[in-house]
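Beneath this line is the structure, given in structure tokens, with notes to follow.
The values are calculated or read from the model by the stated rules, or taken from the named source; none is laboratory data. Note that the structure is a prediction, hence the values are computed from the model and not measured. Backbone-built Cβ (ideal geometry, glycine too); neighbour counts: all protein chains shown.
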Ligand SMILES: Nc1ncnc2c1ncn2[C@@H]1O[C@H](COP(=O)(O)OP(=O)(O)OP(=O)(O)O)[C@@H](O)[C@H]1O
Ligand SMILES: [Mg+2]
């Protein structure tokens, strides 16, 4: 397994994201309960679990698209989900997300990737150099003037990654980013994820159903079941000997869902 860019200071792993007691209810149904988790700077953390278990909801709350009913989220020690608008705005500049389907704007590839920088008021030259860098990272140099709607599904998803990392977020949230892709595009996207982690030192949380993807990409993994984080651990430990019987059943495919 490739080493990720996990960051150590003074021999200790540094926590980027601290989640404490997070809960969420939709229409009387509790979909997340008492989630607590530390994610370290530079790691790739995989969130696995059956369909409907709360993975997307958790990522949307971390991306501040949805509000939690209970609990705290801290980014570098700062609470980002409280009443402090300034903290939310600051956090939005440091977190980005790639979804299962990327929904690019009906515009050129260049403008899709540049958008996040334009709204931040960056000058044209800096924008061009950052867009070039990101298109190189996803292997799509030369696509600048193509209309987004003319791209294949795999190319669209690669542009979605370029758009998400162009402003160098500290935390990248990935919600089943390869779910709609064929195997050769899955390989490409996984390589892009590793490159982002290693070269940009971006901390990544990825929600996925695919056990092999967890093994190929992640440093640590969490098992989310019915809205509860029942186990977390290093991938090599959880896959060899899960502490919770339900995690083991999920990994070996015995869990029906
Ligand atoms: N906006 C919403 N309103 C009502 N219920 C919702 C809403 N969003 C999610 N839910 C419910 O919350 C639960 C968790 O959904 P979520 O999409 O987070 O699961 P998931 O683990 O991402 O599933 P999948 O693997 O299928 O993507 C589901 O029961 C879902 O129906
Ligand atoms: Mg989901």
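Here are the numbers for this structure:
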| read-out | value |
| --- | --- |
| Boolean, residue 252 is over 22 Å from residue 13 (Cβ atoms) and surrounded by fewer than 18 Cβ atoms within 10 Å (Cβ to Cβ) | yes |
| Pair list, Cβ < 7 Å and 6+ apart or interchain, from region 218-247 residues that are free of Cβ contacts under 8 Å to residues at least 40 places away in the same chain to residues that are surrounded by fewer than 22 Cβ atoms within 10 Å (Cβ to Cβ) and part of a helix (DSSP H, G or I) | 230/246; 239/215; 239/251; 242/248; 242/251 |
| The listed residue being free of Cβ contacts under 8 Å to residues at least 40 places away in the same chain and loosely packed, with under 14 Cβ neighbours inside 10 Å, out of 111, 86, 106 | 86 |
| Complete set of residues in region 138-150 that are touching a helix residue (DSSP H, G or I) at 6+ places or on another chain (Cβ under 6 Å) and part of a helix (DSSP H, G or I) | 148 |
| Residues of region 18-28 classified as within 20 Å of the chain's Cα centre (by Cα) and closer than 16 Å to residue 66 by Cβ, total | 4 |
| Given (1) at pLDDT below 95; (2) more than 18 Å from the chain's Cα centre (by Cα); (3) more than 21 Å from residue 218 (Cα to Cα), number of the condition residue 8 does not satisfy | (3) |
| Total residues in region 165-211, condition out of contact with any strand residue (DSSP E or B) (no Cβ under 7 Å at 6 or more places or on another chain), in contact (Cβ under 8 Å) with a residue 40 or more places away in the chain and at positive phi | 1 |
| Residue within region 145-159 that is within 16 Å of ligand 2 (Cβ to nearest atom), touching a strand residue (DSSP E or B) at 6+ places or on another chain (Cβ under 6 Å) and in contact (Cβ under 8 Å) with a residue 12 or more places away in the chain present | no |
| Only listed residue being modelled with pLDDT of 95 or more and more than 27 Å from residue 194 (Cβ to Cβ), chosen from 31, 15, 39 | 31 |
| Residue check for residue 111: over 20 Å from the mean Cα position of the chain (by Cα) and modelled with pLDDT under 95 | no |
| Subset of region 12-49 that is assigned to a loop (DSSP other than H, G, I, E, B) and touching a strand residue (DSSP E or B) at 6+ places or on another chain (Cβ under 7 Å) - its residue that is nearest to ligand 1 (Cβ to nearest atom) | 49 |
| Number of positions in region 19-31 that are within 15 Å of residue 232 (Cβ to Cβ) and buried (at least 17 other Cβ atoms within 10 Å of the Cβ) | 2 |
| Region 50-81, residues that are within 10 Å of ligand 1 (Cβ to nearest atom) and within 13 Å of the chain's Cα centre (by Cα) | 55, 56, 57, 58, 59, 60, 61 |
